[in-house]
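Please treat every number below as a calculation from the coordinates, not as lab data. Everything numeric in this text was worked out from a predicted model, so none of it was measured. Neighbour counts are summed over all protein chains in view; Cβ atoms, including those assigned to glycine, are modelled from backbone coordinates with ideal geometry.
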Amino acid sequence: MKTPLTFALAGNPNAGKTTLFNALTGARQHVGNYPGVTVERKSGIHTLPDGTNCNIVDLPGTYSLTAYSIEEVVARDFLVQERPDVVINIVDASNLERNLYLTIQLMELGVPLIIALNMMDVAHDRGIEIDPERLSALLGVPVVPIVARGGRGISNLMAEAHRLGQDTAVWRPLRVSYGEDLDSMLLQMEKVIEEHDLLTDTYSPRWLAMKYLENDSQIREKGARTSRQAATLLEGMAAEATRHHQVTLGTLPEALIADQRYGFIKSVLRQGVLSLRHDPDRLYTTDRIDQVLTNRLLGPVIMLAILFGLYTFTFTYSELPVAWLEGFFGWMGDLAEAALPDGPLKSLIISGIIDGVGGVLGFVPLIMFMFFGIAVLEDSGYLARVAFMMDRVFHTFGLHGSSVMAYIVSGGIAGGCAVPGVMATRTLKSRRERLATLLTVSFMNCGAKLPVLALLTAVFFAGRQAMVMFLLTLLAWAVAMVVAKIYRLTVLKGPSTPFVMELPPYRFPTLRGLLIHTWERTWHYIKKAGTVILAISVILWAMMTYPGLPDQEEAEFAAQRESARSEYFASEDELAQRLGAIDRREAERSLELSLAGRIGRSLEGISRLAGFDWRTNIALVGGFAAKEVVISTLGTAYSLGEVGPEASESLATTLANDPAWNPVKALAMMVFVMFYAPCFVTVVCIAREAGSWKWGALAMGFNTVFAFAMAVLIYQVGMFLGLG
Amino acid sequence: MARVVLRRMAKNQRGVIAVVKVGGELGQRIREMGLVPGTRITVQGRAPLNDPVALRVMGGTLTLRNNEADYIEVEIQEEQR
Ligand SMILES: Nc1nc2c(ncn2[C@@H]2O[C@H](COP(=O)(O)OP(=O)(O)O)[C@@H](O)[C@H]2O)c(=O)[nH]1
Ligand SMILES: [Mg+2]
């Protein structure tokens, strides 16, 4: 049997690659990483009409194939190294001219190409008439009009791709003319490349020559490694061409190349391919919406309102399912309480497993609602507007408007996760802005911190929950920005990267897209909860249970119980109460003597400054494993501290009734949880994305010291003012 | 016809790009989006804090910062609507 065909999907961001990819592969997808770099690699399987399977690879969306961004390098390396049988170039028909810029580059590279002319519906609505046959004839590439969203034309496209994939295509690079001067220089360079056989097994000589003229860092490095002599020659020729163009034309070869590519595209489109029924400046619905949503006065107000609305939506609508889940886990606990014999196993199941998992899963609805809201903003195109409106501010702090994505994914709109947030920094091109973003995204209120914040606000700021959460989110932003600026002025000093960006048209998100989005993220959270959290919950249970009371103390408690029973009580209830109090003291004493208790106690000396007692300390240490563990640990710590009927009492009531807790302590704790060391998964990701463990260590050390200072400040000032 | 730096263009003003005076990554990013000599642009508006600027180019909307717009010179087209 033949090896299956591989089709790669290439195109500009927002051209519809993912939509087509989902339509082709359905659920048969696999998301991984390209080796060595952290760009997502999506691949899947599609069954062709003749019953054979083919591989579909969704390449990162790019506008060019330069070496300036990891995405572009990944895309072009994939093309030349893995040599897909066919490259399906998704082109946005409503934005043909700009989209063809990548097409030309793909053609210059020489890949076997087919153009999927997507968004034909949008083009039609906008009065853009395209003649696909004419375009195909002029470019010498098959062109298939499709509507990826809706599935029109996809079977045609695949039939065409299948046909193309079957004749073992020889790569035939397109030769665009770049004007007399550059053309003759390119010819000379090609000759050198051919003579030295420089990288010709991977690239066409002309493409290499062009990349030398464009100052392409990756190709120059590769060239120098392969043949120093040829590389020196070519670099010299490129430098000469640059000098010549600067002197005679006042321009650079790379500029001329780009201009000529567009010139080529314009000439193709003018030959009867494209006709507009309307003035190109005509305002479309998108522009009318933008006149309001990015209006200088209304824009920011609406933005704040939208973000605040998202909170209200999330908190209000998730209340009911959260209550159901809480009830469910309470019921499970009662069930285990009644069914299991007393002993360590019962304690493990109730305090370690049910409470631990319940504490985390109870918040799934909240997180799902939040992710759904974010997906709406993201898929509708509104987030790009947020970046546009925010860049001025971000730029001031040494960041980039697109940093906003990473912050929002991390929980800038509360409920994200720093792990994908850290991944989202991949879209940032400058290393410095990227690192500054990487190191500060974990300050945002991720979904794991939410349970902690939600619990404490519910208990201590009842009725003002949405407002407090909103203010905490603003605080997270402020802290992240200031710390980023500090980084950009010290360890990450340097100039900023371009903000040349597209504002995609507003689109109604599809329910399917939203659900896939929401589900992927929620599932990620649940998986984390189900595995890491469960394991840690159990470890922590063990830490809080062992070594247990020394025999002598145990005997003392037994004696106390004995003597209580021999006393006279007015009623059975009174006796039960007395016994309960003894049990609680015993359990508390046992926790104090446990490993966790010892750690918590030993830290208490310092942590008292922020109002944290040893129980809180245990929870915070546990929180390094994952922030949501703070809650389950606190839950375990408290439910272990009390036995009997109160065991099912929720943590919220426990905290509300505990005199050691007050709003000031709650606030200090929330602020500490927000800003101290990111969970170890995030630290690992930061280290990996930044390429060095020292950045991970910096995030841990700096954040913890910083958070503690903030917590102490809040606690001391708050108590001084008598707000406790 | 007057030639001005893009930064100085007012909202709704139209023009044709005359020259892009920058190379390297910024030059590449500007050009790959279609901001090359001969391209017609209209200033669509500015962000609330006056920066970045949004342009209407080839039926789509692009944004760039003012200090990036400084490298782009535009031949202004007189109003002819
Ligand atoms: N009207 C219309 N919208 C489309 C079409 N294809 C994709 N979209 C929408 O365009 C947006 C961007 O698509 P996506 O697949 O995420 O683009 P990618 O960035 O290339 O992966 C999404 O909102 C899609 O629903 C189409 O053919 N017609
Ligand atoms: Mg995509």
In terms of the alpha carbon gyration tensor, root eigenvalues a ≥ b ≥ c, rounded if a/c is under 1.5 and otherwise prolate when a/b exceeds b/c or oblate, the protein assembly as shown is prolate
Amide H neighbours of residue A:41 at under 5 Å, excluding residues fewer than 5 places away on the same chain, with H built from the backbone geometry, are A:32, A:33, A:34
Which of A:485/A:665; A:211/A:266; A:266/B:21; A:17/A:191 exceed 31 Å between C-alpha atoms? The answer is A:17/A:191
Taking every residue of B:33-43, the Cβ atoms of other protein chains inside 10 Å of its Cβ average out to 5
For peptide A:92-104, the mean count of other chain Cβ atoms within 10 Å per residue Cβ is 3
Here the FRET efficiency for residue A:534 versus residue A:191, based on Cβ atoms and R0 = 51 Å and rounded to 0.05, is 0.20
Per the 1/(1 + (r/R0)^6) rule, R0 = 22 Å and r from the Cβ atoms of residue B:10 and residue A:306, FRET efficiency to 0.05 is 0.15
So, with points 7 Å from each Cα along the Cβ direction, the residue A:221-residue A:396 label distance in nm works out to 3.7 nm
In nm, the gap between the two label points placed 7 Å beyond Cα toward Cβ at residue A:239 and residue A:598 is 6.7 nm
Contour minus Cα-Cα span, residue A:606 to residue A:567, at 0.36 nm per residue, comes to 9.7 nm
Under the Karplus relation with 6.51, -1.76 and 1.60 and θ = phi - 60°, whole-Hz ³J(HN,Hα) for region A:10-24, x at Gly and Pro, equal 10, x, 5, x, 6, 7, x, 4, 5, 4, 5, 4, 5, 5, 7
In terms of the charge dipole of region A:180-276, which places +1 on Lys and Arg and -1 on Asp and Glu at the beta carbon, the residue among A:224, A:252, A:205 farthest towards the positive end is A:252
Here the gain from full extension of residue A:555 to residue A:515, 0.36 nm per residue of separation minus their alpha-carbon distance, amounts to 8.6 nm
Helix A:449-460 sits off the longest principal axis of the Cα atoms of chain A, rounded to the nearest 10 on a 0 to 90 degree scale, by 40 degrees
Scoring chain A by relative contact order with C-alpha pairs under 8 Å, at least six apart, yields a percentage of 10 percent
The simple spin-label model distance between residue A:228 and residue B:49, using points 7 Å out along Cα→Cβ, in nm, is 5.0 nm
FRET efficiency (residue A:713, residue A:379; Cβ distance; R0 60 Å; to 0.05) is 0.90
Helix A:693-720 sits off the longest principal axis of the Cα atoms of chain A, rounded to the nearest 10 on a 0 to 90 degree scale, by 50 degrees
Note: A:288-299 gets an average of partner chain Cβ contacts (10 Å, Cβ to Cβ) equal to 2
Packing-ranked peptide list from A:499-508, A:68-77, A:652-661, A:11-20, highest mean Cβ count within 10 angstrom first, is A:11-20, A:68-77, A:499-508, A:652-661
Neighbour-count ranking for A:541, A:693, A:614 (other C-beta within 10 angstrom, fewest to most) reads A:693, A:614, A:541
Once normalised by the length of region B:3-76, the mean sequence separation of its alpha carbon contacts under 8 Å that are 6 or more apart gives a contact order in percent of 44 percent
Output ordering of A:110-117, A:78-85 (per-residue mean of other Cβ within 10 Å, highest first) is A:110-117, A:78-85
Highest mean packing first, using Cβ neighbours within 10 angstrom, the peptides B:40-48, A:321-329 sort as B:40-48, A:321-329
Classified through the alpha carbon gyration tensor (a ≥ b ≥ c as square roots of its eigenvalues; rounded if a/c is under 1.5, else prolate when a/b is larger than b/c, else oblate), region A:456-526 comes out oblate
Row for region B:1-78, column shape: gyration tensor on C-alpha, a ≥ b ≥ c, rounded if a/c < 1.5 i.e. under 1.5, prolate if a/b over b/c, else oblate; value rounded
To the nearest 10 degrees, the tilt of helix A:572-593 (Cα long axis) against the first principal axis of the alpha carbons of chain A is 50 degrees
Summing -39500 (n - 2.57) over every DSSP H run of at least 4 in the protein assembly as shown, dividing by its residue total and rounding to the nearest 500, the 222 nm mean residue ellipticity is -18500 deg cm²/dmol
The relative contact order of region A:6-166, taking Cα pairs under 8 Å that sit 6 or more residues apart, comes to a percentage of 23 percent
